[in-house]
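Structure first, then comments.
The values are calculated or read from the model by the stated rules, or taken from the named source; none is laboratory data. Computed from a predicted structure; not experimentally measured. Cβ placement follows ideal geometry from the backbone for every residue including glycine, while neighbour counts extend to all protein chains displayed.
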Amino acid sequence: MHFLSHYYCELPNNKPYFVAGLIIPDLSGNFSRTYNSVIKNCVIANKDSELQLIHQGIISHYKADKSFHNSKLFMQHLSQAIQSFLNEGLGRKRLRLSVIAHVAVELMIDRQIVLEKESICHDFYQAIDNANEKVLSVYFDDLSLVKEKKEFLTRFQFFKQRRFLFLFKDLEHIVFGLNRIYSSVTGIEFSEEEKSRFVNALNNIDAVLRYSWQEILKV
């Protein structure tokens, strides 16, 4: 599940520090290891504190991901996305289409939210803008996560400034995001021809998700 989808599923809970917690895993490299070794079994003493809201956001992120990624409907859309890539002539020999399809479905659901409920995207950014970075720093410091804090805050600042989720209205920006994520993991960049084929495939995926995205998010 991607940024805006996590936020949408948790509404009406839109408290800034809870929302900031929701996005911490996706803005921190290899955060699942930190979650499993440090955060998962951690207890925040003051349950009414801003730090507790951050903690709850992180926990909710992983809980939602587990349900979402194991849902029958998500798996169906994943298979359909892979088939759309194959139909456009994208080959498995050079690209791991299952990995790309997984990310693509997530990005495309965020796209549907932006297209149909743009005000939710504005509210999402307003919420994280209201989360004080000093408070977020305290959460990491209390858990002795120095490296994770530095990485998150750097990405958090860029994420707020860029507001790239609004760019998802354009399928070419979705392909740009796919290419960036995939190349960061595998070191393989999409060719210009592949980018064009991905845009065509995403048009087909878009036509299906337009009518089913809200059902998928009922995790």
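Quick notes on this one:
- Selection within the stretch 34-60 - touching a residue at least 40 places away in the same chain (Cβ under 8 Å) and part of a helix (DSSP H, G or I): Thr34, Val38, Ile39, Glu50, Leu51, Ile54, His55, Gly57, Ser60
- Among the residues listed as Gly29, Gly57, the single one being at pLDDT 95 or above and under 30 Å from Ser98 (Cβ atoms): Gly57
- Subset of the stretch 197-213 that is without any contact (Cβ under 8 Å) to a residue 60 or more places away in the chain and exposed (fewer than 14 other Cβ atoms within 10 Å of the Cβ) - its residue that is farthest from Arg92 (Cα to Cα): Tyr211
- Condition met for Leu202 (under 25 Å from Phe74 (Cα atoms) and either more than 17 Å from the chain's Cα centre (by Cα) or of a type in the set (Gly, Ala, Ser) (or both)): yes
- Across the stretch 61-97, the number of residues qualifying as on the phi < 0 side of the Ramachandran plot and either in a loop (DSSP other than H, G, I, E, B) or of a type outside the set (A, V, I, L, M, F, W, C) (or both) comes to 25.
- Pairs with Cβ under 8 Å, 6+ apart, first in the stretch 127-152 and free of Cβ contacts under 8 Å to residues at least 40 places away in the same chain and assigned to a helix (DSSP H, G or I), second buried (at least 18 other Cβ atoms within 10 Å of the Cβ) and among the aromatic types (Phe, Trp, Tyr): Glu133/Phe156; Phe140/Phe152; Val146/Phe140; Lys149/Phe140
- Among residues of the stretch 178-194, those that are in contact with a Phe, Trp or Tyr (Cβ under 8 Å, 6 or more places away or on another chain) and surrounded by 15 or more Cβ atoms within 10 Å (Cβ to Cβ), counted: 4
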